[in-house]
Amino acid sequence: MGATDNTFLLRNIWPTEAMPALEHPFKQLGRLTVDVGTRLAMHCDAYVHRRNPEYARDTLTRVVLGSRTAKVLSLRAPSGKLCE
């Protein structure tokens, strides 16, 4: 991706005329998705902090809450191995 590729920064515009009945349910689903992701991030942060007290408790939670775009997170240990 180049510096001028702002695909993820474009405003999300709902096609009201084409699907008016689905706008509210889809927006509710989006809010639920963010809520579940935030709660999961909080639990992940707590777990990692218990295993490694140097880990800041809200690291992943801040990423989720501070993001305005979709994130695909890979849970990997510093060694590059998947976390167990």
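The values are calculated or read from the model by the stated rules, or taken from the named source; none is laboratory data. What you are looking at is a predicted structure, and each value in this text was computed from that prediction instead of being measured. Virtual Cβ from ideal backbone geometry, glycine too; neighbours counted across all protein chains shown.
Within segment 1-36, the set of residues being part of a loop (DSSP other than H, G, I, E, B) and either surrounded by 10 or more Cβ atoms within 10 Å (Cβ to Cβ) or at pLDDT 90 or above (or both) comprises TRP14, MET19.
Hey, among LEU73, LEU60, LEU40, which residue is surrounded by 11 or more Cβ atoms within 10 Å (Cβ to Cβ), out of contact with any strand residue (DSSP E or B) (no Cβ under 9 Å at 6 or more places or on another chain) and at pLDDT below 65? Outline the logic, then answer.
Working: LEU60 fails: at pLDDT below 65; LEU40 fails: at pLDDT below 65.
Only one candidate passes the filter, namely LEU73.
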